[in-house]
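Following: one structure in structure tokens, then a few remarks.
The values are calculated or read from the model by the stated rules, or taken from the named source; none is laboratory data. Remember, it's a predicted structure, so these values are computed and weren't measured experimentally. Here the Cβ positions follow ideal geometry from the backbone for every residue, glycine too, while neighbour counts run over all protein chains shown.
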Amino acid sequence: MNKILLVCYSFPPNPGIGGRRWAKFAKYLVKSGHYVEVINAKLTTKKLSIWNKDAQLLHEKNHVHSIPTGYPEIIKKIPKTFFQKIQYKLSLEYLKLNVKGNLYDKSSLWHLNLIPFIQKKLNEGFDTIICTAAPFHYLSEVAQLKIKFPSVNFIADFRDPWANNRISYGISDLNQKRRLEEKHLESSVFESFDYLVCVDAIHKTYIKSLNITTDKIKIIPNGFDPEDFSNSEAKRRQDNRINLVFTGSLYSKALSHLDALYKVLLENEELKQEFVFNFYGSIPKEAQYLFENDALQSTLIFHGKLPLREVGEKIVTSNLAMLFLTDELNYAKSTKFYEYIYLRKKIAVFSKYGAINKYVINNEIGYSIEPQNITESLTEIKKDFYKNNLNVPHDYSIEKYSIQTLLNNLTNLLN
């Protein structure tokens with residue numbers, strides 16, 4: 001049994017996809033007999049994680065410790081009133097004075113409360129500390145503790161596709177001085193932690209390019225949790241139309257691909273009658289008009305958010321699942337990707353051609369749909385639909401991507 005201290009800013013009940021990966025791993029670590037305590041950010045919103053159930057056992061044991069971040073709440077919002085705009089401006093000036101790197105990293109001031117608490121915990125005899133984040137400020141502060149606790153196993157987990165990412169975490173808004181500071185912080189993390197865990201080979205290659213010892217770098221991808229879909233019922237739709245389903249959050253940077261689909265459907269009456277595109281989850285405000293055109297009211301449909309169990313049912317009863325990828329991140333396999341495949345659904349990948357498009361084609365588990373080939377791709381899907389060929393081939397193995405299997409890769413890193 002290992003005694004593990006997990007630091008995860010977004011761990012439930014905090015909302016957002018950032019807490020999902022380690023809510024799952026922590027749940028199965030506990031089930032495997034390991035002792036786990038978690039440090040997360042103190043909840044500051046009424047919104048709650050949809051993965052609270054995965055964290056329930058740890059909360060019942062009082063093993064989740066919520067530490068205030070010290071980050072101005074107003075910076076997380078779009079100021080509307082005059083008072084909010086003044087408050088926002090003052091808070092931004094405060095961050096400029098107190099944060100050398102990324103002003104928009106919500107954990108940039110967390111170390112002031114976090115580091116003393118971690119030291120207290122490590123003195124209680126934890127043999128492993130796992131910190132999950134992008135390589136921003138709080139990780140660099142934790143890295144300095146390696147000198148004081150040399151026998152503790154320090155594991156950094158980069159849960160997001162952050163490397164060379166020009167759009168996330170406000171990176172594009174930083175000046176050169178602040179970007180260089182982030183690179184400095186990144187280097188301190190890479191050099192000090194015992195293991196660096198990333199989600200795919202692209203990020204491993206990036207870290208290796210910075211002259212980091214290969215033995216330190218490990219790949220543990222995102223995966224699926226069978227428990228999420230254990231109660232999903234397969235009630236086949238009676239509609240003769242081909243039902244494509246998207247679940248989760250649709251990001252603004254991927255809207256160009258949805259807009260291209262929208263225009264094709266408006267112009268092609270036959271496709272409009274033969275397909276229905278159902279969206280479950282959340283969409284940005286600028287995408288609402290795409291679902292409000294009366295000409296497509298029964299073809300392009302946004303249903304809003306559903307409980308996790310019902311989301312599983314929508315995927316199970318669909319003919320095909322959809323991904324909409326940003327041009328910068330068309331190489332990253334998301335949790336959604338693995339969940340779709342686990343439910344044996346081929347994937348329609350709407351994106352600029354990239355690694356994921358190539359992967360689904362080569363493995364015969366989906367379709368690459370670019371703005372210029374939407375009509376041809378939907379026609380191909382229609383042909384496969386009538387051939388009853390829209391399920392993932394049985395010889396394509398998905399089990400290696402289950403959380404339980406991936407946990408073995410993680411426990412191999414423990415002392």
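Of note:
- In the set PHE302, PHE275, PHE279, only one residue is at pLDDT 95 or above, surrounded by fewer than 19 Cβ atoms within 10 Å (Cβ to Cβ) and among the hydrophobic types (A, V, I, L, M, F, W, C); that residue is PHE302.
- Some residue of the stretch 373-390 being buried (at least 16 other Cβ atoms within 10 Å of the Cβ) and more than 19 Å from ILE242 (Cβ to Cβ): no
- Scoring TYR251 on the criteria (1) among the hydroxyl-bearing types (Ser, Thr, Tyr); (2) out of contact with any Lys or Arg (no Cβ under 9 Å at 6 or more places or on another chain); (3) crowded, with 20+ Cβ neighbours inside 10 Å leaves a single failure, condition (3).
- Every residue from the stretch 80-137 that is of a type in the set (Phe, Trp, Tyr), under 26 Å from the mean Cα position of the chain (by Cα) and within 16 Å of LEU6 (Cβ to Cβ): TRP110
- The stretch 1-15: number of residues that are among the hydrophobic types (A, V, I, L, M, F, W, C) and either without any contact (Cβ under 8 Å) to a residue 12 or more places away in the chain or surrounded by fewer than 20 Cβ atoms within 10 Å (Cβ to Cβ) (or both): 1
- Looking only at the stretch 16-55, and only at residues there that are without any contact (Cβ under 8 Å) to a residue 12 or more places away in the chain and assigned to a helix (DSSP H, G or I), the one that is farthest from TYR251 (Cα to Cα): LYS31
- Test set (1) touching a Phe, Trp or Tyr at 6+ places or on another chain (Cβ under 8 Å); (2) among the polar types (S, T, N, Q); (3) without any contact (Cβ under 8 Å) to a residue 40 or more places away in the chain - ASN102 fails condition number: (3)
- Residue count, the stretch 188-203 (criterion: modelled with pLDDT under 90 and either outside the structural domain of ARG21 (by TED's automatic domain parsing) or in a helix (DSSP H, G or I) (or both)): 3
- When the stretch 227-247 is filtered for residues that are surrounded by 11 or more Cβ atoms within 10 Å (Cβ to Cβ), under 30 Å from ILE369 (Cβ atoms) and modelled with pLDDT under 90, the ones remaining, listed by number, are ASP228, PHE229, SER232, ARG237.
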